[in-house]
């Protein structure tokens with residue numbers, strides 16, 4: 001009986017050793033090194049234009065009965081060194097002077113982006129709503145801005161988006177201040193990061 005128990009134990013021990021050897025022979029650890037190249041979110045301004053360039057009659061509101069005159073003018077330029085910046089100068093602006101702008105922004109990166117928002121001097125503009133600003137610092141609003149329907153639009157690489165912006169000089173604008181400076185910032189986000 002002792003011999004049978006020893007033989008059984010020896011057989012089980014040999015079977016376990018064979019199983020261990022066969023496992024060791026059939027297992028292998030592989031290492032895979034990876035590299036992740038991230039996409040490039042980039043854009044440039046390709047077109048910046050107003051409806052009152054020099055030498056044209058000032059825009060009038062719909063239904064205006066007074067004669068058109070060439071008093072004010074608006075010059076729009078894109079920075080030659082950095083086409084992510086553009087400039088606007090309004091000359092001889094007066095109360096009720098309205099200017100409509102068209103801006104085209106091209107996706108020059110390799111990932112889709114969405115226009116998250118447009119800011120004027122750190123204030124985000126809502127779509128389709130006038131927002132007043134005191135840009136000359138006298139305590140009274142003197143100009144208002146209106147952005148039209150481009151927030152939330154997705155632009156694929158190589159494509160462009162066109163958006164519209166309107167400015168209107170208010171009656172409360174101080175006549176003694178000729179220069180009004182403001183900064184327009186367009187915020188673009190990667191398409192998965194957009195927050196309505």
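Each reported figure results from applying straightforward, stated rules to the coordinates on display, with no laboratory input. Being a predicted model, the structure only gives us computed values, none of them experimental. Neighbour counts are summed over all protein chains in view; Cβ atoms, including those assigned to glycine, are modelled from backbone coordinates with ideal geometry.
Things to note:
- As a rough guide to protection, the peptides 108-114, 31-37 ranked by mean Cβ packing within 10 Å, highest first, stand as 108-114, 31-37.
- Once the Cα-Cα distance is subtracted from the 0.36 nm per residue extended length, the residue 40 to residue 171 segment shows a gain of 42.7 nm.
- With the biggest extent put first, the Cα atoms of region 37-132 measure 60, 29, 22 Å across the principal axes.
- Helix 2-26 and the long axis of the chain differ in direction by around 30°, with both axes built from C-alpha atoms.
- Listed residues 89, 163, 65, most fluctuating in the chain (Gaussian network, C-alpha, under 10 Å): 65
- When the chain is treated as a Gaussian network with alpha carbon springs shorter than 10 Å, the biggest mean-square fluctuation among 105, 62, 78 belongs to 62.
- Using C-alpha pairs under 8 Å with a sequence gap of at least 6, the mean separation divided by the residue count of region 43-193 gives a relative contact order of 26 percent.
- Where only alpha carbons of region 43-193 are counted, the Rg and the Dmax (Å): 16.2, 50
- Nitroxide proxy distance, nm - points 7 Å out along Cα→Cβ at residue 11 and residue 92: 11.3
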